[in-house]
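Presented below is the structure to which this report refers.
The values are calculated or read from the model by the stated rules, or taken from the named source; none is laboratory data. The structure presented is a predicted model; accordingly, all values stated were derived computationally and were not measured. Quick reminder, even Gly has a Cβ in these numbers, built from the backbone with ideal geometry, and neighbours come from all protein chains shown. These area figures cover heavy atoms from the full protein model, side chains too; ligands, DNA and RNA do not enter into them. Shrake-Rupley method; radii C 1.70, N 1.55, O 1.52, S 1.80 Å.
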Amino acid sequence: MEYSYKFRLYPTNAQRNQIARNFGCCRYVYNHFLAQKQEQYKEAGKAPTRFQQDKALTTMKQELPWLKEADSTSLQAAIQDLDAAFQNFFRRVKCGEKPGYPRFKSRKDRRQSYKSKCVGTNIKVLEKAVQLPKLGLVKCRVSKEVMGRILSATVSQSPSGKYFVALCCTDVDIETLPSTGAVVGLDMGLKSFAVTSNGVEYPNHKFLTKSIRKLARLQRQ
């Protein structure tokens, strides 16, 4: 089974600069190949495949040496994300849903991220740090033990400027709960959060309503 762990990162200034370079390089690769798909589809009625764009990435890195400053696996992951975006687009069109055509990425997007694939031992979790490609050891708040084999690490920056890493792991043994055979109905409401069919009532604590004035004050600050 696959399992994901998300931890807060505390990078140094040099590591922040490298993360920003990774964001920029992955964004450039994603936008470049999205534009390529659009142009070739208009001209020939057929867009390049992911395999063709993977090969073109090798040539692009020779023509644009600054792309080598980023983790190479993150550039490959950007093409993979683009391919997945188009696959989801066609699936939604086929199902009659809102298509959501893949859009270009911007440095002004609220959330920035890139994904590094685990090759050998380039991604490791230590007691108070995580080893990441091109970044080395990054101070990290490892709040739980990481189980299984690491597949990838996604580094992201929130709108507030905080950094996080999400580790995708496989071969994780998760204990399943025993089946009791019992059946229960739930009635969700406002006065009570939930009432079960056997009469158990869970109160609605209304945390937001109680804290709305404090929240407004903190937002003004």
*How much accessible area does His205 have with a 1.4 Å probe, in Å² rounded to the nearest 10?*
90 Å²
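In terms of the Cα gyration tensor, with a ≥ b ≥ c the square roots of its eigenvalues, is the range 90-212 rounded because a/c is under 1.5, prolate because a/b exceeds b/c, or oblate? Present the calculation step by step, with values, prior to reporting the outcome.
Details: a/c = 1.76, a/b = 1.48, b/c = 1.19.
It comes out prolate by the Cα gyration axes.
How would Leu218, Leu75 rank on accessible area, largest to smallest, probe 1.4 Å? Intermediate values should be presented prior to the final figure.
Values: Leu218 90, Leu75 0 Å².
In descending accessible area the options line up as Leu218, Leu75.
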*Highest average packing first - 140-147, 183-190, 126-133, Cβ atoms within 10 Å*: 126-133, 140-147, 183-190
_If you take every residue apart from Phe164 with its C-beta less than 9 Å away from the C-beta of Phe164, what net charge results, scoring Lys and Arg +1 and Asp and Glu -1?_
+3
*Can you pull the accessible area of Arg103 for me, 1.4 Å probe, Å² to the nearest 10?*
140 Å²
*Value of relative contact order over the chain, rounded to a whole percent, pairs C-alpha under 8 Å and six or more apart*: 24 percent
_For Kirkwood radius over Cα pairs in Å, calculated from these coordinates, the label among [x] 22.5; [y] 18.2; [z] 21.2_ = [z]
*Please name which of Tyr3, Cys140, Ala153 has its Cα lying farthest along the dipole of the chain towards the positive end, using unit charges on Cβ (Lys, Arg +1; Asp, Glu -1) and the Cα centre as origin.*
Cys140
*Can you give me the Cα centroid spacing of the range 63-99 and the range 101-116 in angstrom?*
11 Å
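Using just the helices of the chain, give the 222 nm mean residue ellipticity in deg cm²/dmol: DSSP H runs with n ≥ 4 each add -39,500 (n - 2.57), and the total is spread over all residues, rounded to 500.
Working: 4 runs with 83 residues, N = 221.
When only DSSP H runs of four or more count, the value is -13000 deg cm²/dmol.
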*Cα-based helix-to-principal-axis angle, 13-44 vs the chain, degrees rounded to 10*: 70 degrees
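Residues of the chain: accessible area per residue at 1.4 Å, in Å²?
Numbers: 15300 Å² over 221 residues.
Computed with neighbouring chains in place, this is 69 Å² per residue.
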*Would you please classify the overall shape of the range 1-106 from the alpha carbon gyration tensor, given that a ≥ b ≥ c denote the square roots of the eigenvalues, rounded means a/c under 1.5, and beyond that prolate means a/b larger than b/c while oblate covers the rest?*
oblate
_Accessible surface of the chain [probe 1.4 Å, protein heavy atoms]: carbon and sulfur percent_ = 52 percent
